[in-house]
1. Residues to consider are Tyr238, Tyr159; find the one that is hydroxyl-bearing (Ser, Thr, Tyr) and assigned by TED's automatic domain parsing to the domain that holds Pro290.
2. Of the residues Phe258, Phe276, only one is within 23 Å of Leu152 (Cα to Cα) and outside the structural domain of Arg40 (by TED's automatic domain parsing); which?
3. Evaluate segment 263-275: report whether one residue or more is modelled with pLDDT under 95, within 19 Å of the chain's Cα centre (by Cα) and not in a helix (DSSP H, G or I).
4. Restricting attention to segment 177-214, and to residues there that are buried (at least 16 other Cβ atoms within 10 Å of the Cβ) and farther than 25 Å from Phe227 by Cβ, which single residue is modelled with the lowest pLDDT?
5. Would you mind finding the one in Ala100, Ala135, Ala124 that is crowded, with 21+ Cβ neighbours inside 10 Å and either within 17 Å of Gly71 (Cα to Cα) or of a type in the set (Gly, Ala, Ser) (or both)?
6. Considering only residues that are farther than 24 Å from Thr12 by Cβ, acidic (Asp, Glu) and free of Cβ contacts under 8 Å to residues at least 12 places away in the same chain, look in segment 224-277 and name the one that is surrounded by the most Cβ atoms within 10 Å (Cβ to Cβ).
7. Can you name every residue in segment 18-39 that is under 15 Å from the mean Cα position of the chain (by Cα) and not in a loop (DSSP other than H, G, I, E, B)?
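The values are calculated or read from the model by the stated rules, or taken from the named source; none is laboratory data. Because the structure is predicted, anything quoted here is derived from the model rather than measured. Backbone-built Cβ (ideal geometry, glycine too); neighbour counts: all protein chains shown.
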Amino acid sequence: MSAVTRKSRGFTGERIIEIPKDMVDKCLQMPLINRLFITRMGVYPKALYHYYQRPVGISQVILLYCTDGQGWIQLPGGRLTILAGDVFAIAPGTPHSYGADADNPWSICWFHFSGNQCHEAVQAIMDDRSGSPQAVRVPFSEERTLLFNRILDTFLKGYSTSNLLYANLAVPFFLSSFILPENFQKEVVSSGIVNPTDKAIRFMQNNLSRSVTLDNIAQAAHLSTSFCSRKFKQDTGYAPIEYFNHLRIQKACQLLHFSDLRINEVAAQLGIDDPFYFSRLFKKQMGVSPAEYRKSEGIQRKIT
């Protein structure tokens, strides 16, 4: 049999959000969301050769929602086939592996959840009346897809208190689409007025590959430098450059996940000429160095 490359990342169109350690700690201190909040999320379309193995599980809930194709999950109690429309929640501490079908690879949306209601969330989603693990089949919902993308896009704007609250307060509503799909209703979305802070954030997102100053940000928001700094912190809880650095490290996580760029090349992609400064900035936010972060995500496996 020829060698097959199994991998945990590297799929066309994939998106992933990794919440920094200091933001996870912040969520734990926020009473509105500390019972259940996102630590990681993403989408893998047509994830050919997707494979993950965790012999002792992890401390979070893993929720896998298959939107197309099929895959499988191996648990201590047996192996499950996961089809389009199936959702499965893996409880914390559960040994498991999962992967895409070789002929019809799945597309999946996935979350990692933490908080003191993880076990309750698993029980509510799985509604395990049979006593044996089985996936839950739910009808397709465009509203569910829109809500998933809204949560992900909110994190892409940065980790302000308002963004952490908005994204995580949407989690119970999102989970309700699996727990009570017959009651899931389309959410009415109102178009908001673009304020100067939103203009500033959009400017930051569009300029992650270069060095940006407070003056640049203020000009993009059509504000004076002093007023921009004051209003931005009032709206987000962060100084503009601090917020910009959060977005940079968020982008760095994606580059470390989805590219083979060296650490200094990742830094250069973010407009940072000094790789040592980049490493210090990354470790301050993520709790580990870029090299340690990449190593912790594993490498491609060659299996005969």
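1. Values: Tyr159 fails: assigned by TED's automatic domain parsing to the domain that holds Pro290.
Step by step, each of Tyr238, Tyr159 is checked, and only Tyr238 is hydroxyl-bearing (Ser, Thr, Tyr) and assigned by TED's automatic domain parsing to the domain that holds Pro290.
2. Details: Phe276 fails: within 23 Å of Leu152 (Cα to Cα).
None of the other options fit; the residue is Phe258.
3. no
4. Phe184
5. Numbers: Ala135 fails: crowded, with 21+ Cβ neighbours inside 10 Å; Ala124 fails: crowded, with 21+ Cβ neighbours inside 10 Å.
The unique qualifying residue is Ala100.
6. This residue is Glu242.
7. So in segment 18-39, the residues under 15 Å from the mean Cα position of the chain (by Cα) come out as 18-21, 23-24, 27, 36-39.
Once the filter is applied, which keeps residues that are under 15 Å from the mean Cα position of the chain (by Cα) and not in a loop (DSSP other than H, G, I, E, B), segment 18-39 yields Glu18, Lys21, Met23, Val24, Cys27, Phe37, Ile38, Thr39.
For (1) touching an Asp or Glu at 6+ places or on another chain (Cβ under 7 Å); (2) in a loop (DSSP other than H, G, I, E, B); (3) more than 19 Å from Pro172 (Cα to Cα), each residue gets a yes or a no:
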site	(1), (2), (3)
Gly57	no, yes, yes
Thr67	no, no, yes
Ile73	no, no, yes
Val87	no, no, no
Gly93	no, yes, yes
